Amino acid sequence: MLIIPLLVFTIPVAFADSPNIGTVNWKQEIISSNSFVDIYVHDDDMNKKEYPNFADKFTISVWSDSSPGGLEIEVVETGVYSGIFKGRVFIADSGDTVKNRLVSLPGDTVYAKYVDFTMPDDSTSEIFSAAIVKISGQNMESLLEKIDPKFRMSKFVEKVPVWIKNNAGWWANGDIDDDSFIQGIQFLIKEKILEINESTSSEKSDTIPPWVKNNAGWWAAGDITESDFLSGITHLVKTGIISVSDDSLESIAKSDPLLSECQSIKSTYKRLNCEKEIKQNIEFTEFKKFSDGYNVGSVTYYYPGIGNFGNEFEISSSGQAMLRLRILAENTGNDVVSLKCTGPSICSYDVWDGSKTFKYAGMDFISGQIPINPGTSVIFNMMFGPNIGYGGTEFEYDSSKNYDFRVNESFGSIDIPLKIE
């Protein structure tokens, strides 16, 4: 049976108490021609209080040596309260610079500029990031070294979602256990949200050193930098405490004849995409095999029960009931269907104990919805625990009650019995 750890996460409950300085960075320092490239802006101050249940957005400037006039592109918040904004631009080696298409020749430096209007002294600040368009067959280090150091990505550029600090603080305070924290970080690494060197060390360990937990608490409190926190996570990976491989899935995938066909694809990008799709289909098949299906219109929801595929229930050391759900939704219809959840108070999903409704404390819907194409499936995660505000509620457990996961979408409703014990 394939067991996928569920990310334990929460969304920040408040906006920044005081203005902070934003950052902007290209996803990579060396980018390829004729491909899309992501740009990230991190600024908690750009969470707008007047729109608490919606992802925010604004524009930034991008240009290149070949297109000095550049263009404006929109960056959209990756989650309702994440404070991380993502934009995308297509790097073209010919044609015109228009919309989100930036003409940049191999060897060009490309720039991104974010104007931070929320500086501590009420001034504004122009913040830049630069990258180089790859020249095929050439070492790009000499060109990278010519970039102003202030415009280059640091080794540990801000790449951990802001809400992960909540988890780090909870873990340091003993509100969640080691396994819950490790599973969350493991999920981030596997999903490439957090990129950590996977090399192993000869020094193996089964326990988390106290200094790593101290680092997490200090980082959550703002006493150390993110790079200090990531150094502790890197140590956990290298010593084998956090595993970034999925042995059970790999063993199943190796027996799939379609996977061997992927190996014949010469293009690394296309080969990895081929393998990813096959492994994902295997995961979905295993998930459905051990789950009960619940039909709601053209969508079937699959729930495998507590203790399976990342569905977990526990009482934390502080006495807080923690319910983590991992649900697969399959679109069996002919039209695209969207699952909707923009915030705790505006969400098509909750938990019901027969007399009281419980709103989520964490979920992984992007920009408030998950679209599902006809004939395809998605897996989404939700966690019910502490009250995060903005319509959230604290999850309470009573062994004498029965709990249901409620779906109330525009295309239909159903109550799925959770069978918590």
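The values are calculated or read from the model by the stated rules, or taken from the named source; none is laboratory data. The shown structure was predicted, so the numbers you read here are calculated from the model rather than taken from an experiment. Note that we place each Cβ from the backbone using ideal geometry, even for glycine, and neighbour counts take in every protein chain shown.
Among the numbered conditions (1) out of contact with any helix residue (DSSP H, G or I) (no Cβ under 9 Å at 6 or more places or on another chain); (2) within 18 Å of Glu394 (Cα to Cα); (3) of a type in the set (Gly, Ala, Ser), the only one that Gly307 does not meet is (2).
Taken over region 216-248, residues that are at pLDDT 70 or above, outside any loop (DSSP other than H, G, I, E, B) and either of a type outside the set (S, T, N, Q) or under 14 Å from Asp178 (Cα atoms) (or both) amount to 15. Among the residues making up region 323-336, a single one is within 24 Å of Gly391 (Cβ to Cβ) and surrounded by fewer than 22 Cβ atoms within 10 Å (Cβ to Cβ): Ala329. Just so you know, in region 384-421 the residues that are in contact with a Pro (Cβ under 7 Å, 6 or more places away or on another chain) and buried (at least 16 other Cβ atoms within 10 Å of the Cβ) include one that is modelled with the highest pLDDT, and it is Asp404.
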